[in-house]
Amino acid sequence: MPSKYLVVGNWKMHPATVDEAKVIAKKSRLIAGKLVRTEVVACPPFAFIPASVSRTQAENFSIGAQSVSGDEGGAHTGEVGAAMLKSLGVSYVIAGHSEQRAAGDTDEMISRRIGRALDAGLSVIACVGEKVREESGSHFAFIKEQIKNSLANVSEDKRSRIILAYEPVWAIGAQDAMAPEQIYEMSLFVKKAFADAFGPEAGLKVKVLYGGSVNFRNAADIIVRGKVDGLLVGRESVNMPGFSELLKAVDGIGTGQAQTA
Ligand code: PGA
């Protein structure tokens, strides 16, 4: 069986209360348990991670964190370390999200966060994406640099735990996602940039997700025509039943039951 699609839900700073978080996590976990071709990673805010982790082993369902400290431990007020997250049952971390980049994260800081996460045994969803698109095509060079610099600390033995998420910043929190044809072009480019940094075999193996205004209507179409390995979903990941419809649509790809726009 080919590898499963990966759908990562980035809850951002939602929901408002732990009780709501428990409901979203439980629903996501229950739906994930029924999926055959799809794995789900829910990324709640730090505060809600313990309430979102299930005590029983959950099929096709893992918990991720939205960030991680670039330091190992010590006097870093407000920070949360990779080993702490691991000890809570976290398996993935998001790094380099454009909202963190906008808040001051540089490629160098992101590469430190990624390095700490990998050292602790976590997998990393490394986000890249251009702020604007110019006729000149300058976004290609921009993304290539982001990949090279953000992953500067990734050693060969750990690179298989990197998943790339291509998220054009202008499509995040927007009305429409990027067109699937453009997503396909970018997913190929992102794989190529990864191959340039880590070798052709790594480029063939790396998973590429698309993120930016994904919802239950466009999800399957983006995977099929955009030829990506999965999705990074913001708003729709805390919107039930939208997220459950999204997961069913993705899982139905190739079975004649996929819901496309
Ligand atoms: P959105 O967010 O799905 O709400 O556009 C995506 C993201 O920021 O990862």
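The values are calculated or read from the model by the stated rules, or taken from the named source; none is laboratory data. Computed from a predicted structure; not experimentally measured. All Cβ positions, even for glycine, are placed from backbone atoms using ideal geometry, and neighbour counts span all protein chains on display. Accessible surface is based on the protein model in full, side chains and every heavy atom, while ligands, DNA and RNA are left aside. Shrake-Rupley method; radii C 1.70, N 1.55, O 1.52, S 1.80 Å.
For the reader, a short list of remarks on this structure follows.
- A residue that is at positive phi, within 16 Å of the chain's Cα centre (by Cα) and in contact (Cβ under 8 Å) with a residue 60 or more places away in the chain occurs somewhere in the range 7-17.
- Residue selected from the range 196-219 under the condition touching an Asp or Glu at 6+ places or on another chain (Cβ under 8 Å) and more than 16 Å from the ligand (Cβ to nearest atom), by the criterion most open to solvent (accessible area, probe 1.4 Å): Phe198
- The residues of the range 126-150 that are closer than 18 Å to Leu188 by Cβ and assigned to a loop (DSSP other than H, G, I, E, B), listed by number, are Gly129, Glu130, Arg133, Gly137.
- If the condition is being of a type in the set (S, T, N, Q) and surrounded by fewer than 17 Cβ atoms within 10 Å (Cβ to Cβ), then the range 42-52 contributes no residue at all.
- Residue satisfying condition, being open to solvent by less than 20 Å² (accessible area, probe 1.4 Å), modelled with pLDDT of 95 or more and out of contact with any Cys (no Cβ under 6 Å at 6 or more places or on another chain), within set Gly89, Gly70: Gly70
- Number of the condition not met by Glu134 [criteria: (1) of a type in the set (Asp, Glu); (2) modelled with pLDDT of 95 or more; (3) over 24 Å from Ser155 (Cα atoms)]: (2)
- Taking the criterion of being of a type outside the set (A, V, I, L, M), open to solvent by 70 Å² or more (accessible area, probe 1.4 Å) and at pLDDT below 95, the residues of the range 220-261 that qualify are Gly254, Gly256, Gln257, Gln259, Thr260.
- Unique residue being open to solvent by less than 60 Å² (accessible area, probe 1.4 Å), over 15 Å from Leu231 (Cα atoms) and away from the ligand (no atom under 16 Å from the Cβ) when the list is Arg55, Arg29: Arg29
- Checked against the criterion of being in contact with an Asp or Glu (Cβ under 9 Å, 6 or more places away or on another chain), part of a helix (DSSP H, G or I) and either within 16 Å of the ligand (Cβ to nearest atom) or under 19 Å from Ala141 (Cα atoms) (or both), the range 154-166 has no qualifying residue.
- For the range 220-238, a tally of residues being within 13 Å of the ligand (Cβ to nearest atom), touching a Leu at 6+ places or on another chain (Cβ under 9 Å) and farther than 19 Å from Val190 by Cβ returns 2.
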